Amino acid sequence: MMILLQGNWSLFIGRFHPLLVHLPIGMLIIAFILEVMSKNRRLTVLSAAVLPVLVFGALSAIAACIAGLLLSSSGGYDEAALDLHMWMGIGVAVISVLLCVFRRYALFRKAWLPISFVMIVLLSAAGHFGGNLTHGEDYLTAEFPLGKGAAAGATTAIANLNEAKVYDQLVRPILEQKCYSCHNEAKLKGGLRLDGMDHIRKGGENGPVIKDSVPEASELYKRLILSEADDKRMPPKGKPQLTPQQLEILYWWIEQGASPDATVKDLHHTPRMQLVLEGMQPSGGSDVHPFMPQEEVSEASPQDIGALEKIGVKVMPVANENGFVMVSAVNASGFGNKEAALLLPLKKQIVWLKLSNTQTGDSALKVISQLPELTRLYLENTPVTDEGLVHLANCKQLKYLNLVGTKVTDKGILLLQKNAALKELFLYKTAVTPAALSQLRKAVPEMAIDTGGYRMPALITDTLVYRKQKL
Amino acid sequence: MSEKIIQEANERAAKYFSRRHFLQDCITGLGATALGSLLGGCNIFSGPGNGAMPQSLNPLEPRAPHFPARAKSVIYLHMAGAPSQLELFDYKPELQKLHNQLCPPSILEGKKFAFIRGVPKMLGPQAVFAQHGESRAWVSDHLPHFSKMVDDVSFLKAVQTDQFNHGPAQLFMHTGSARLGRPSIGSWVTYGLGSENSNLPGFVVLTSGGKTPDAGKSVWGSGFLPSVYQGVQCRSKGDPVLFLTDPEGMDRDMRYQSIHAINEVNKLEYERFQDPEILSRISQYELAYKMQISVPGVMDIADEPEYIHQLYGTQPGKEAFANNCLLARKLVEKGVRFVQLFDWGWDAHGTGEDLSIDYGLRNKAREIDKPISALLMDLKQRGLLDETLVVWGGEFGRTPMQENRDGKEMPYLGRDHHVEAFTMWMAGAGIKKGGSWGETDEIGFAAVKGKVAVHDIHATMLQQLGFDHEKLTYQFQGRPFRLTDVEGHVIHEILG
């Protein structure tokens with residue numbers, strides 16, 4: 001028997017603990033329910049069923065205890081919590097056996113119900129602490145929607161991400177969640193404590209765990225990406241692992257110097273980290289369309305739409321059962337200042353307006369500026385000038401403006417500073433100078449300005465044709 | 001003459017009102033009437049069906065998607081023949097270590113290959129890889145220009161298919177089914193959205209590389225959708241569309257009059273028979289008339305400035321992938337919904353110099369490198385990239401093993417067809433910038449993380465166009481059909 005339980009066998013059997021443990025839970029609870037029910041005069045007959053259920057429950061409780069003991073020998077658990085769970089489990093097994101004996105020999109009849117009750121309380125507590133051991137202490141309550149636990153939950157929403165402290169608010173919660181249980185004051189596996197910046201800097205028995213700015217050479221990161229079969233892998237196989245986002249945060253923090261007090265905005269945002277950060281923004285999901293108003297609007301009247309379609313302008317609803325429309329003059333190159341007035345009856349509905357390659361001029365922009373919901377405006381290759389841009393200051397919702405191939409100059413685009421919502425501006429093939437651009441960029445740093453004119457370097461390989469050398 | 005026409009019309013009418021039709025009408029008519037009265041107020045059999053589009057006389061009328069879209073147009077760059085992911089994007093240093101060693105039998109167990117027989121040797125990456133951009137994406141030196149664009153695209157590194165022959169795999173990639181008869185993605189999209197520009201087709205196809213795809217024209221066919229939604233293939237050399245000029249002795253006015261008359265007759269026919277193919281015919285006549293004016297302007301790349309030609313590396317007058325990329329940009333600019341490019345010549349088995357990993361693939365990569373990079377740049381500078389979804393990929397990938405057709409040594413290095421993992425990328429229209437999803441094992445044989453099926457790609461494309469892929473359906477043979485059949489998950493990991 002001892003030989004059997006040595007080595008791998010003990011862990012193999014031990015791992016049956018989570019499976020076996022649910023049997024006594026179910027059985028003993030049923031025994032208790034039957035016990036209670038049999039107190040009813042009409043159901044006294046149930047009393048006879050209690051003993052067999054109890055016996056089965058007690059046997060499975062013993063089996064679960066044995067498996068549990070074997071599992072605990074594999075180590076890696078918080079010892080205080082483990083002790084509590086173990087003694088409670090053993091308590092349940094002992095009490096259930098006692099109850100079996102009492103029932104079999106009809107001893108202490110009066111005490112059966114109270115003892116069963118104590119057993120159930122103990123069973124519940126043992127079950128709860130067992131769950132904590134496996135899933136972590138905050139598993140049960142972390143998602144409680146009203147508690148602050150949900151908001152503090154590691155990498156979920158942080159109110160002001162840019163001002164958040166990288167170590168305190170991003171890194172520490174990860175370590176707390178995934179590493180503290182083994183690397184704390186009490187446990188100190190590998191001589192390493194991770195619960196505090198000083199301890200992290202100090203490292204473990206094999207030296208420091210962070211090599212500044214080189215995550216690939218820092219044990220704190222390196223071990224996380226080893227294969228799961230590797231002995232050195234952290235967290236070890238079977239323990240809750242870091243999510244890809246959490247890995248990226250640790251990588252980034254070390255890469256940027258593992259500073260104890262930098263805020264998110266202090267550090268350089270690599271594109272990969274940018275993606276992670278975006279994912280952490282509250283409500284920044286892909287479900288929210290970046291160019292659509294949040295409110296709803298009634299549908300435009302067919303007459304007003306008809307008037308535009310008569311001159312070849314397409315009016316397209318943005319979506320089913322959505323009143324907002326996209327208006328395209330792609331088939332109406334004659335569209336100009338006179339026709340712009342036809343847009344006004346749809347002013348509540350137009351969000352997207354494509355007037356590229358038309359005769360739209362400055363006075364049309366005056367009309368367009370009265371479209372309060374307009375978010376995207378295409379004016380490529382139209383005769384608009386700086387004078388027209390004056391009017392656009394009224395378009396408070398304008399997020400995208402395409403001025404490719406127009407006559408706008410520095411004077412005009414500097415007026416766009418007033419468009420607080422403007423995120424994308426296209427100025428390819430315009431006379432705008434770099435000086436004005438840098439002034440605009442400084443004033444509105446979040447505006448993405450594309451002046452185009454991209455070139456590719458000429459490479460010798462561009463014209464090379466690879467052929468096998470004929471001998 | 002007129003007698004003949006009348007006779008023809010009578011015969012046609014007779015064909016429609018045969019005894020069989022009469023009986024069929026009686027049965028279905030009576031049945032439906034009875035059922036209708038049984039069901040009382042229950043209205044499920046009337047009105048537009050599940051997701052069916054309201055039928056106006058113009059089948060290409062712009063229509064609304066299910067929800068506001070991120071993409072208005074799609075440019076799909078299909079590398080027919082299947083490029084090797086192991087020489088372009090999927091860097092496998094471990095494979096280099098195994099170069100020229102026999103493939104471990106554990107990998108081959110239970111697998112079937114198109115040409116590999118027995119135990120092949122492993123073939124290390126035949127390219128030099130480096131990480132590029134801020135996204136640290138791996139790209140080989142075969143694509144020096146594209147490697148500068150990686151921060152604009154999202155890679156899918158673990159795409160899987162279940163077809164290892166070109167024809168079925170291309171059909172699967174473009175119609176969602178390996179068998180004939182289903183509409184292509186472009187057809188679904190024009191069916192769903194109509195066309196913004198009424199002077200141009202909503203779905204244009206351009207080919208290069210000297211051959212059309214192995215699957216034939218069905219990869220841009222409309223399947224069971226009305227044929228008005230099929231892709232319009234424009235010639236890549238010479239006149240893009242034939243017979244655009246009016247024939248001698250026929251002026252534009254007369255042309256208009258005759259097309260108008262034909263369409264009037266066709267409208268009568270439609271009122272009588274309600275056959276959607278008649279609507280297709282009407283709209284094609286109208287479109288053809290309008291294209292006489294619109295096409296020469298749009299399809300002519302000669303009026304583009306010189307530096308644009310340099311950017312793309314175009315070769316005016318020749319059939320070239322670069323020309324097609326430039327045309328794709330011009331078409332999207334004009335509101336064409338779906339531009340499908342096919343470039344043939346990626347089938348690097350090693351059977352010949354042009355179809356080899358060591359020579360042919362490098363030449364093909366060089367041919368597309370500038371054009372695809374230029375396309376992304378050009379869309380970007382014109383403010384079109386954030387509403388244009390660009391998709392690049394082949395119909396499957398290539399094996400980490402060297403091909404040994406018939407168990408023999410091949411004259412050149414080659415790789416066989418591989419279905420278990422290959423790379424595709426998407427860009428623009430709400431796709432993450434500098435993203436990557438999916439991983440393959442150490443030798444690039446199997447997908448280990450972020451597996452993506454062909455239907456998932458379709459679901460994602462439809463999602464960006466504003467469609468719930470489960471709701472864009474067409475009633476056919478008694479049941480609603482969709483592009484993604486009963487599968488497909490949107491790949492949220494690459495959405496920004």
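Does the range B:76-98 include one or more residues that are at pLDDT 85 or above, in a loop (DSSP other than H, G, I, E, B) and over 34 Å from the mean Cα position of the chain (by Cα)? Looking for residues that are at pLDDT 85 or above, in a loop (DSSP other than H, G, I, E, B) and over 34 Å from the mean Cα position of the chain (by Cα), one finds at least one in the range B:76-98, hence yes. Only a single item in (1) touching a His at 6+ places or on another chain (Cβ under 8 Å); (2) assigned to a loop (DSSP other than H, G, I, E, B); (3) within 9 Å of chain A (Cβ to nearest Cβ) is not met by B:L355, and it is number (3).
B:K318 meets each of the listed conditions (1) open to solvent by less than 70 Å² (accessible area, probe 1.4 Å); (2) touching a residue at least 24 places away in the same chain (Cβ under 8 Å); (3) of a type in the set (D, E, K, R) apart from (1). Only residues that are open to solvent by 30 Å² or more (accessible area, probe 1.4 Å), farther than 14 Å from B:L341 by Cα and not in a loop (DSSP other than H, G, I, E, B) were counted in the range B:228-255, giving 4. Residue pairs whose Cβ atoms lie under 7 Å apart, sitting 6 or more positions apart in sequence or on different chains, and linking a residue in the range B:265-286 that is at positive phi to a partner that is modelled with pLDDT under 85 and not hydrophobic (A, V, I, L, M, F, W, C), do not occur here. Within the range B:190-222, being outside any loop (DSSP other than H, G, I, E, B), touching a strand residue (DSSP E or B) at 6+ places or on another chain (Cβ under 9 Å) and away from chain A (no Cβ under 14 Å) holds for B:Y191, B:F203, B:V204, B:V205, B:L206, B:T207, B:S208, B:K217, B:V219, B:W220.
With respect to the conditions (1) open to solvent by less than 70 Å² (accessible area, probe 1.4 Å); (2) part of a loop (DSSP other than H, G, I, E, B); (3) in contact with a helix residue (DSSP H, G or I) (Cβ under 8 Å, 6 or more places away or on another chain), A:K211 lacks only one, and its number is (1).
For (1) within 14 Å of another protein chain (Cβ to nearest Cβ); (2) in contact with a Ser or Thr (Cβ under 9 Å, 6 or more places away or on another chain); (3) assigned to a loop (DSSP other than H, G, I, E, B); (4) farther than 30 Å from B:H145 by Cα, each residue gets a yes or a no:
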residue	(1), (2), (3), (4)
A:V404	yes, yes, yes, no
A:L422	yes, no, yes, yes
A:K442	no, no, no, yes
A:V465	yes, no, yes, no
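Contact annotation: residue pairs with Cβ atoms under 6 Å, 6 or more positions apart or on different chains, pairing a residue in the range B:136-164 that is among the aromatic types (F, W, Y) with a partner that is assigned to a helix (DSSP H, G or I) and open to solvent by less than 10 Å² (accessible area, probe 1.4 Å), are B:F146/B:D369; B:F146/B:I372; B:F146/B:S373. The single condition from (1) of a type in the set (S, T, Y); (2) open to solvent by less than 70 Å² (accessible area, probe 1.4 Å); (3) within 14 Å of chain B (Cβ to nearest Cβ) that A:T409 fails is (3).
Just one of the numbered conditions (1) among the aliphatic types (A, V, I, L, M); (2) out of contact with any Pro (no Cβ under 8 Å at 6 or more places or on another chain); (3) open to solvent by 20 Å² or more (accessible area, probe 1.4 Å); (4) part of a loop (DSSP other than H, G, I, E, B) is not true of B:A302: (2).
Listed residues B:P104, B:P83, B:P59; which is within 20 Å of B:T399 (Cβ to Cβ) and touching a residue at least 40 places away in the same chain (Cβ under 8 Å)? Break it down stepwise before answering.
Values: B:P104 fails: touching a residue at least 40 places away in the same chain (Cβ under 8 Å); B:P59 fails: within 20 Å of B:T399 (Cβ to Cβ).
Result of the check over B:P104, B:P83, B:P59: B:P83.
Looking for whichever is within 14 Å of chain A (Cβ to nearest Cβ) and among the charged types (D, E, K, R) here; the options are B:K290, B:K267. Which one fits?
The unique qualifying residue is B:K290.
Is it the case that some residue within the range B:130-138 is more than 30 Å from B:K370 (Cα to Cα) and open to solvent by 20 Å² or more (accessible area, probe 1.4 Å)? No: zero hits.
Within the range A:277-297, residues that are within 12 Å of chain B (Cβ to nearest Cβ) reach partners that are modelled with pLDDT of 75 or more and open to solvent by 80 Å² or more (accessible area, probe 1.4 Å) with beta carbons closer than 7 Å, at six or more positions or on different chains, in the pairs A:G279/A:Q245; A:S286/B:H492. Here A:W112 meets each of (1) of a type in the set (F, W, Y); (2) open to solvent by less than 30 Å² (accessible area, probe 1.4 Å); (3) free of Cβ contacts under 8 Å to residues at least 24 places away in the same chain with one exception, condition (3). Number of residues in the range A:444-463 that are open to solvent by 70 Å² or more (accessible area, probe 1.4 Å), farther than 22 Å from B:L376 by Cβ and in a loop (DSSP other than H, G, I, E, B): the value is 2. Looking only at residues of the range A:374-399 that are open to solvent by 50 Å² or more (accessible area, probe 1.4 Å) and within 16 Å of A:N357 (Cα to Cα), we find that the one that is farthest from the other protein chains (Cβ to nearest Cβ) is A:P383.
Residue under question is B:L361, and the condition is that it be touching a Cys at 6+ places or on another chain (Cβ under 7 Å) and within 13 Å of chain A (Cβ to nearest Cβ); does it hold? Spell out the reasoning first.
Working: touching a Cys at 6+ places or on another chain (Cβ under 7 Å): no; within 13 Å of chain A (Cβ to nearest Cβ): yes.
When the stated conditions are applied, B:L361 does not pass them.
Out of the residues in the range B:386-438 that are open to solvent by 10 Å² or more (accessible area, probe 1.4 Å) and among the aromatic types (F, W, Y), state the one that is farthest from the other protein chains (Cβ to nearest Cβ). The qualifying residue farthest from the other protein chains (Cβ to nearest Cβ) is B:W437. Restricting attention to the range A:318-357, the residues being open to solvent by less than 30 Å² (accessible area, probe 1.4 Å), assigned to a loop (DSSP other than H, G, I, E, B) and within 13 Å of another protein chain (Cβ to nearest Cβ) number 9.
Once the range B:139-173 is narrowed to residues that are at the interface with chain A (Cβ under 10 Å from one of its Cβ atoms) and more than 25 Å from the chain's Cα centre (by Cα), the residue that is most open to solvent (accessible area, probe 1.4 Å) is B:K148. Could you list, in sequence order, all residues of the range B:322-349 that are of a type in the set (A, V, I, L, M, F, W, C) and closer than 30 Å to A:L379 by Cα? Listed by number, the residues that qualify are B:A322, B:C325, B:L326, B:L327, B:A328, B:L331, B:V332, B:V336, B:F338, B:V339, B:L341. Anything in the range B:268-299 that is out of contact with any helix residue (DSSP H, G or I) (no Cβ under 6 Å at 6 or more places or on another chain) and either open to solvent by 60 Å² or more (accessible area, probe 1.4 Å) or in a loop (DSSP other than H, G, I, E, B) (or both)? List them, or say none. Answer for the range B:268-299, where residues must be out of contact with any helix residue (DSSP H, G or I) (no Cβ under 6 Å at 6 or more places or on another chain) and either open to solvent by 60 Å² or more (accessible area, probe 1.4 Å) or in a loop (DSSP other than H, G, I, E, B) (or both): B:L268, B:E271, B:R272, B:Q274, B:D275, B:E277, B:Q284, B:E286, B:K290, B:I293, B:P296, B:M299.
I'd like to verify a number: residues in the range B:439-479 that are among the basic types (K, R) and buried (at least 22 other Cβ atoms within 10 Å of the Cβ), how many? Can you show your working first?
Taking the range B:439-479 first, the residues among the basic types (K, R) are B:449, B:451, B:471, B:479.
The next check asks that each one be buried (at least 22 other Cβ atoms within 10 Å of the Cβ); those that pass are none.
Residues meeting the conditions: 0.
Looking across the range B:305-328 at every residue that is among the charged types (D, E, K, R) and in a loop (DSSP other than H, G, I, E, B), the one that is farthest from B:A365 (Cα to Cα) is identified as B:K318.
The values are calculated or read from the model by the stated rules, or taken from the named source; none is laboratory data. Since this is a predicted model, take the numbers as computed values, not measurements. So basically every Cβ, Gly included, is an ideal-geometry build from the backbone, and we count neighbours across all protein chains shown. The area values use the complete protein model at the heavy-atom level, side chains included, leaving out ligands, DNA and RNA. Shrake-Rupley method; radii C 1.70, N 1.55, O 1.52, S 1.80 Å.
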